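Structure record follows, encoded as structure tokens.
Derivation of every value follows stated rules applied to the coordinates shown; laboratory data play no part. Keep in mind that what you see is a predicted model, and the values were worked out from it rather than measured. Glycine also receives a Cβ, built like all others from the backbone with ideal geometry; neighbour counts cover every protein chain displayed.
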Amino acid sequence: MAAAIEVEGISKQFRLYNEKHTSLKERVIHGGKMPFTPFWALRDVNVEINQGETFGILGRNGCGKSTLLKCIAGILKPTSGEIRVRGSLAAMLELGAGFQPDLSGRDNIYLNGSLLGLSRTEIARRFDDIVAFAELEDFIDNQVKFYSSGMYVRLGFAVAVNVEPDVLLVDEVLAVGDANFQRKCLDHVKKFQREGRTIVVVSHGTDTIRQNCGRVMVMNHGQVITVDEPGEGIRVYMADLLGVGTHPGSESGGIEGNVLAIGTVRAEHGGSGARTHMYPGESLTVTADVDSLAAVPNALATIAIYDDKNELVFASDPDDPACEMEIPVGGGIVRFVFPEVPLLDGTYSVSVGVRSATETAIFDLKDQVTQFEVANPGRATGRVRLPLDASFRLRSAAAGSTGEVPAVSAAFTPLAGWEETAS
Amino acid sequence: MSLSVDEPPSAEPERVSTIGGSTRFVPGQSHDRVTVVNGKVQLGQRLKDLWTNRDLLLLLTRTELKVKYKDSVLGYVWSMLNPTLVLIIYFVVFKVIARTHQPLFAIWLFAGLLVWNLFSAAALGATSVVVGKAGIVKKVAFPRELLALSVVGVSMVLFAIQVVVLILAMVIFGIHPDYAYLPLLPLAFVALVVFTSGMSIFLSAVNVYLRDTAHLTEVLMMAWFWGTPIVYTWGQITGILAGHPALGWVKYVYLCNPVTPIVMTFQRAIYGKTQYSYAGTVYHVLPNWGVASFAGVLGILLVASIGLFLLALVVFARLEGNFAEEL
């Protein structure tokens, strides 16, 4: 299989000027000197993207992924190195870039199509498809400046995908329009994949990458960290770049006036030791060191789990008898065991507290003191992995005699299931 | 975690796709073109890209016209307001106030302004076109020289309208051009367009880095205008220089202004006279060159203009690499 895109030793230097002189006057006044700090947005990036592959690029803001995409598209020129692209290329860096607000939708389709490299006759042939795809039949002769933002973006996407390039570069623009249009876009991406076109997607959205990409490249500070299959790539992206893992816990707090204090809190999962992250469905044990000056006969231990957006995922039931405990003088260790954690990808933080079961008094609360990370090797996305069973059977006629047809593999290949519902 | 890395399941291309029955895409067969992106300037490739994107150039020009003049007759009439006013002002100042005795002075002015309007409108418009279209430049890959060239295209359309007005005026007033010199006009026009394109491309790129180029260009254009025999005559310059034999070389420096030979060709063909007499004195307005001499000068100018155009492309290509960053 030939490489569709060969990136060979690409480096790109930007100059960060302390003070930028953008006029001849200023240049002359300052004697032509413009002190700057060189900033390498890309450093010796090498990657080969195969024909027909859907390739994801992950990395946090400023890691150089958009710069790389712009270099591949030919919008920016690399400082050194070379990129070879086989076949026609279209870049969707911003939908509707180059739309002229004063022109009608019709004129803009021609203009945008030409900018993306289509000839007049090619656009004329695809015109109806584009209009139908954008669902703008009634407004195509209106000036684009009167379009809603949704219409604008839909038209931009419709033009870009109907260019039918050999190589499509997409920069975080898949999430546009309403749910129906989004599905259409994804359908189109799938169609591209089936047709063997090459797609390069830059995104923060690990879900988009996981569901669509065959391989993922993770970047940081303009360098390639890894090129791997999506599950592993996303894990590396989460762990190394965001700098999170299983923390050793907080330092133990002293007992000052309070009866009881929570010290070190630890989270241990099934794979601890071998991995810093856990898989969905593994067990999780949270332990908290508790020091106590006096015996607390009716203590209630509480635990809460938050996701990376600080949304509460789970808080323990205060009426749960298992959480009521008697803590003797000197304290001990409180243990919370989750036999099976169905959470999907993400970094979760844990809060632990001890309060009185009978009164409102809170003895101590350690808010989000430790974290654990879940990396999902499969392709399911979302927050939780719900137990799933799927099967197929014929409608009523067959119900009595033949019974159920054995389950198809829908449960294990979500993509196939998804396509069934989408068509 | 041990999926095959080299052959991911979704990367298997289908040789013949039949989805919907409408696609004809077969990887690796019809699209063998390889685009190379690196820091080097490939002039030949750029020229080729300009040619393959000629549809886009037409479209950009049309777009510019549509946005400016709303594609209406009145819009185009409106576009003539500025050149007409300029013509009237110079006519009033020189004919009524300065009392020039040159016959058919309006036609003389018109012939020169025709050339000048194309050149200055394009150069001034192109200077800010890349900055003005930052949205496209930053997000879409296409030969950006086309933006500057589209401004030249717009100027050419306005030029054509002015030519129509001029022809109408000449027919109405029964003024004949010098038919022997008319065949020179296409050559002069091509030289003018090539030279203007080179200037436009150069200025549009420089303005991205030095944003006051637009202001400097305005001043430069004013000086350039008065340094070109449009409202006055070539004969007046040579007349003055004739009084100072030591300054004979100034004439050749003066001729180095690329716009001058083009303006003079237009004046020679349209105005038709090289001299007129007034109150017993003969005034020369244009040199007594034959068609061949004019053609020779224009030929040299065309070659030089092509050189300048290519140079402008190289400069543009050098500067273009960081447009997306600078804008």
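Of the residues A:Ile109, A:Ile49, A:Ile83, only one is over 30 Å from the mean Cα position of the chain (by Cα), crowded, with 19+ Cβ neighbours inside 10 Å and among the β-branched types (Val, Ile, Thr); which?
Details: A:Ile49 fails: over 30 Å from the mean Cα position of the chain (by Cα); A:Ile83 fails: over 30 Å from the mean Cα position of the chain (by Cα).
Just a single option satisfies the conditions, and that option is A:Ile109.
Of the numbered conditions (1) within 14 Å of chain A (Cβ to nearest Cβ); (2) charged (D, E, K, R); (3) surrounded by fewer than 16 Cβ atoms within 10 Å (Cβ to Cβ), B:Lys95 fails exactly one; give the number of that condition.
Condition not satisfied by B:Lys95: (1).
Could you grab me the full set of residues in the stretch A:2-29 that are surrounded by 15 or more Cβ atoms within 10 Å (Cβ to Cβ) and over 20 Å from B:Val37 (Cβ atoms)?
Within the stretch A:2-29, A:His21, A:Thr22, A:Ser23, A:Leu24, A:Glu26, A:Arg27 qualify.
Residue by residue through the stretch B:102-146, note down the ones that are under 16 Å from B:Met156 (Cα atoms) and among the β-branched types (Val, Ile, Thr).
B:Val115 - this is the single residue of the stretch B:102-146 that is under 16 Å from B:Met156 (Cα atoms) and among the β-branched types (Val, Ile, Thr).
Among the residues of the stretch B:274-298, which ones are of a type outside the set (S, T, N, Q), touching a helix residue (DSSP H, G or I) at 6+ places or on another chain (Cβ under 9 Å) and in a loop (DSSP other than H, G, I, E, B)?
Of the stretch B:274-298, the ones of a type outside the set (S, T, N, Q) are B:276, B:278-280, B:282-287, B:289-292, B:294-298.
Then drop every residue that is not touching a helix residue (DSSP H, G or I) at 6+ places or on another chain (Cβ under 9 Å), which leaves B:283-287, B:289, B:291, B:294-295, B:297-298.
Passing the criteria: B:Val285, B:Leu286, B:Pro287, B:Trp289.
Looking at the stretch A:62-81, which of the residues that are within 7 Å of chain B (Cβ to nearest Cβ) and among the hydroxyl-bearing types (Ser, Thr, Tyr) is nearest to B:Glu325 (Cα to Cα)?
A:Thr79
When you look at A:Arg120, is it of a type outside the set (Phe, Trp, Tyr), over 29 Å from the mean Cα position of the chain (by Cα) and under 30 Å from B:Gly321 (Cα atoms), yes or no?
When the stated conditions are applied, A:Arg120 passes them.
So which residues in the stretch A:193-223 are in contact with a helix residue (DSSP H, G or I) (Cβ under 7 Å, 6 or more places away or on another chain), small (Gly, Ala, Ser) and more than 12 Å from chain B (Cβ to nearest Cβ), if there are any at all?
Matches in the stretch A:193-223: A:Ser203 only.
Limited to the stretch B:39-73, what total is found for residues that are of a type in the set (A, V, I, L, M) and free of Cβ contacts under 8 Å to residues at least 24 places away in the same chain? Even if it seems obvious, please write down each step before you answer.
Step one: list which residues in the stretch B:39-73 are of a type in the set (A, V, I, L, M), which gives B:41, B:43, B:47, B:50, B:56-60, B:65, B:67, B:73.
Next, from what is left, pick out any that are free of Cβ contacts under 8 Å to residues at least 24 places away in the same chain: B:59, B:67, B:73.
Looking only at that region, the number is 3.
For every residue, the table says whether it meets (1) without any contact (Cβ under 8 Å) to a residue 60 or more places away in the chain; (2) in contact with a Lys or Arg (Cβ under 8 Å, 6 or more places away or on another chain); (3) farther than 30 Å from B:Asn207 by Cα.
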| site | (1), (2), (3) |
| --- | --- |
| B:Thr233 | no, no, yes |
| B:Leu255 | yes, no, no |
| B:Val263 | no, no, no |
| B:Leu311 | no, no, no |
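Restricted to the stretch A:142-182, and to residues that are among the charged types (D, E, K, R) and touching a helix residue (DSSP H, G or I) at 6+ places or on another chain (Cβ under 6 Å), which residue is nearest to the other protein chains (Cβ to nearest Cβ)? Let's see the steps before the verdict.
If we filter the stretch A:142-182 for residues that are among the charged types (D, E, K, R), which is where we start, we get A:145, A:154, A:164, A:166, A:171-172, A:178.
Keeping just the survivors that are touching a helix residue (DSSP H, G or I) at 6+ places or on another chain (Cβ under 6 Å) gives A:154, A:171.
On the way: A:Arg154: 17, A:Asp171: 9 Å.
So, considering only residues that are among the charged types (D, E, K, R) and touching a helix residue (DSSP H, G or I) at 6+ places or on another chain (Cβ under 6 Å), the one nearest to the other protein chains (Cβ to nearest Cβ) is A:Asp171.
Quick one: in the stretch B:206-241, which of the residues that are away from chain A (no Cβ under 14 Å) and among the small types (Gly, Ala, Ser) is surrounded by the fewest Cβ atoms within 10 Å (Cβ to Cβ)? Working first, answer last.
The first filter runs over the stretch B:206-241 and keeps only residues away from chain A (no Cβ under 14 Å), leaving B:221-241.
Right, trim to among the small types (Gly, Ala, Ser) and you get B:223, B:227, B:235, B:239.
Values: B:Ala223: 9, B:Gly227: 12, B:Gly235: 19, B:Gly239: 12.
Across the stretch B:206-241, the extreme among qualifying residues is B:Ala223.
Look through A:Ala160, A:Ala134 and report the one residue that is over 25 Å from the mean Cα position of the chain (by Cα), under 30 Å from A:Ile57 (Cα atoms) and crowded, with 23+ Cβ neighbours inside 10 Å. Talk me through it step by step, then tell me what you get.
Details: A:Ala160 fails: over 25 Å from the mean Cα position of the chain (by Cα).
Answer to the check: A:Ala134.
If the requirement is being surrounded by 21 or more Cβ atoms within 10 Å (Cβ to Cβ) and not in a loop (DSSP other than H, G, I, E, B), which of these qualifies: B:Arg318, B:Arg268?
Details: B:Arg318 fails: surrounded by 21 or more Cβ atoms within 10 Å (Cβ to Cβ).
Sole residue among the options that is surrounded by 21 or more Cβ atoms within 10 Å (Cβ to Cβ) and not in a loop (DSSP other than H, G, I, E, B): B:Arg268.
Which condition number in (1) within 32 Å of the chain's Cα centre (by Cα); (2) surrounded by 15 or more Cβ atoms within 10 Å (Cβ to Cβ) is the one that A:Asp367 fails?
(2)
I'm checking my understanding of the structure. Among residues of the stretch A:1-31 that are over 28 Å from B:Asp212 (Cβ atoms) and part of a loop (DSSP other than H, G, I, E, B), which one is nearest to the other protein chains (Cβ to nearest Cβ)?
Looking at residues that are over 28 Å from B:Asp212 (Cβ atoms) and part of a loop (DSSP other than H, G, I, E, B), I get A:Ala2.
Can you report the number of residues in the stretch A:82-124 which are more than 7 Å from chain B (Cβ to nearest Cβ), touching a residue at least 40 places away in the same chain (Cβ under 8 Å) and among the small types (Gly, Ala, Ser)?
Residues in the stretch A:82-124 being more than 7 Å from chain B (Cβ to nearest Cβ), touching a residue at least 40 places away in the same chain (Cβ under 8 Å) and among the small types (Gly, Ala, Ser): 6 in total.
Among the numbered conditions (1) under 30 Å from B:Gly174 (Cβ atoms); (2) out of contact with any His (no Cβ under 9 Å at 6 or more places or on another chain); (3) small (Gly, Ala, Ser); (4) loosely packed, with under 12 Cβ neighbours inside 10 Å, tell me where B:Ala295 comes up short.
Of the numbered conditions (1) under 30 Å from B:Gly174 (Cβ atoms); (2) out of contact with any His (no Cβ under 9 Å at 6 or more places or on another chain); (3) small (Gly, Ala, Ser); (4) loosely packed, with under 12 Cβ neighbours inside 10 Å, the odd one out for B:Ala295 is (4).
Among the listed residues B:Phe142, B:Phe159, which satisfies the condition of being of a type outside the set (Val, Ile, Thr) and either part of a helix (DSSP H, G or I) or out of contact with any Gly (no Cβ under 9 Å at 6 or more places or on another chain) (or both)? Don't jump to the end; show me each part of the working.
Numbers: B:Phe142 fails: either part of a helix (DSSP H, G or I) or out of contact with any Gly (no Cβ under 9 Å at 6 or more places or on another chain) (or both).
Going through B:Phe142, B:Phe159 in turn, just one is of a type outside the set (Val, Ile, Thr) and either part of a helix (DSSP H, G or I) or out of contact with any Gly (no Cβ under 9 Å at 6 or more places or on another chain) (or both): B:Phe159.
If we scan the stretch B:171-189, do we find a residue that is among the aliphatic types (A, V, I, L, M), in a helix (DSSP H, G or I) and either without any contact (Cβ under 8 Å) to a residue 12 or more places away in the chain or under 17 Å from B:Phe316 (Cβ atoms) (or both)?
yes
If I ask for residues that are surrounded by 24 or more Cβ atoms within 10 Å (Cβ to Cβ) and within 19 Å of B:Asn207 (Cβ to Cβ), which ones from the stretch B:104-128 would you list?
Within the stretch B:104-128, B:Phe119, B:Ala122, B:Ala123, B:Ala126, B:Thr127 meet the criteria.
Return only the number of the condition from (1) surrounded by 18 or more Cβ atoms within 10 Å (Cβ to Cβ); (2) within 14 Å of chain A (Cβ to nearest Cβ); (3) in contact with a Ser or Thr (Cβ under 9 Å, 6 or more places away or on another chain); (4) not polar (S, T, N, Q) that B:Phe195 does not satisfy.
(2)
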